1. Hey, any hits in the range 109-117 for a residue that's in contact (Cβ under 8 Å) with a residue 12 or more places away in the chain, assigned to a loop (DSSP other than H, G, I, E, B), more than 16 Å from ligand 2 (Cβ to nearest atom) and in contact with a helix residue (DSSP H, G or I) (Cβ under 8 Å, 6 or more places away or on another chain)?
2. Any chance you could count how many residues in the range 196-228 are more than 25 Å from residue 120 (Cβ to Cβ) and not in a helix (DSSP H, G or I)?
3. Which one of the conditions (1) away from ligand 1 (no atom under 16 Å from the Cβ); (2) over 16 Å from residue 127 (Cβ atoms) does residue 169 fail to meet, given that it meets all the rest?
4. For residue 148, indicate whether it is touching a strand residue (DSSP E or B) at 6+ places or on another chain (Cβ under 8 Å) and away from ligand 2 (no atom under 16 Å from the Cβ).
5. Of the numbered conditions (1) in contact with a helix residue (DSSP H, G or I) (Cβ under 9 Å, 6 or more places away or on another chain); (2) surrounded by 14 or more Cβ atoms within 10 Å (Cβ to Cβ); (3) farther than 30 Å from residue 98 by Cβ, residue 151 fails exactly one; give the number of that condition.
6. Take the range 72-101 and flag every residue that is surrounded by 14 or more Cβ atoms within 10 Å (Cβ to Cβ) and either more than 18 Å from residue 148 (Cβ to Cβ) or over 15 Å from the mean Cα position of the chain (by Cα) (or both).
7. Which residues, counting only those in the range 192-206, are touching a residue at least 24 places away in the same chain (Cβ under 8 Å) and within 16 Å of ligand 2 (Cβ to nearest atom)?
8. Do you know which residues across the range 154-178 are part of a helix (DSSP H, G or I) and either buried (at least 16 other Cβ atoms within 10 Å of the Cβ) or touching a strand residue (DSSP E or B) at 6+ places or on another chain (Cβ under 7 Å) (or both)?
Ligand SMILES: [Zn+2]
Ligand SMILES: [Zn+2]
């Protein structure tokens, strides 16, 4: 009795396995089509063949390591910035391989759309803010390494390329940390400095002033031999 049941059970289970696999494959195809890598990771990390702990990866001849900062392209944009958190090799039941990386996003100025215009004035095109937002993305999204400096380091640069950024705050749960009113300020207007704007340095206090705050044009500023800010003139 039990002997005659055995083949029946095994036939049923292999049929189920096949059905499961067809279902899984269609799920995978759907996720890939929708570029839903976060759910692709959730689905395939359970597979014993999937591996999620690599320290580095080689892509396009360059070695990238966990913890490094990257320039990322996505949705036709080539200028996102993120930290490399994890390198994973996902494997499905057909032994198809899906390499992905987990990144922690830095926001750039163009991603801070809901900020008041007055605050956007303080923020540089080369500034980034570390967020608590993570995604799994394709390795092909990597453009290059990015270097993220402090404001002081960035300010001293003589030349820079479009992979060089600076940071002076995080953007956690869509709020600056530290808040903007605690950022170091400059000029008589006491606003946070933005390296994209034109400043002139005071001979006395070495502080920087916006040209427009001290009624100077670029031409006038160039001709000035020494500038003393309104505070030091008092
Ligand atoms: Zn000013
Ligand atoms: Zn001064």
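1. Checked the range 109-117: at least one residue is in contact (Cβ under 8 Å) with a residue 12 or more places away in the chain, assigned to a loop (DSSP other than H, G, I, E, B), more than 16 Å from ligand 2 (Cβ to nearest atom) and in contact with a helix residue (DSSP H, G or I) (Cβ under 8 Å, 6 or more places away or on another chain).
2. Filtering the range 196-228 down to residues more than 25 Å from residue 120 (Cβ to Cβ) leaves 202-206, 219-220, 222-228.
Cutting the leftovers down to not in a helix (DSSP H, G or I) gives us 202-206, 224-228.
The qualifying residues number 10.
3. Failing condition for residue 169: (2).
4. Numbers: touching a strand residue (DSSP E or B) at 6+ places or on another chain (Cβ under 8 Å): yes; away from ligand 2 (no atom under 16 Å from the Cβ): yes.
The answer is yes for residue 148.
5. Against the list (1) in contact with a helix residue (DSSP H, G or I) (Cβ under 9 Å, 6 or more places away or on another chain); (2) surrounded by 14 or more Cβ atoms within 10 Å (Cβ to Cβ); (3) farther than 30 Å from residue 98 by Cβ, residue 151 comes up short only on (1).
6. 74, 86, 87, 88, 89, 90, 91, 92, 93, 98, 99, 100
7. The answer is 193, 200, 201, 202, 203, 204, 205.
8. So in the range 154-178, the residues part of a helix (DSSP H, G or I) come out as 154-156.
Result: 154, single match.
The values are calculated or read from the model by the stated rules, or taken from the named source; none is laboratory data. These figures come from a predicted structure and were not determined experimentally. In this analysis, Cβ positions are derived from the backbone assuming ideal geometry, glycine residues included, and neighbour counts consider all displayed protein chains.
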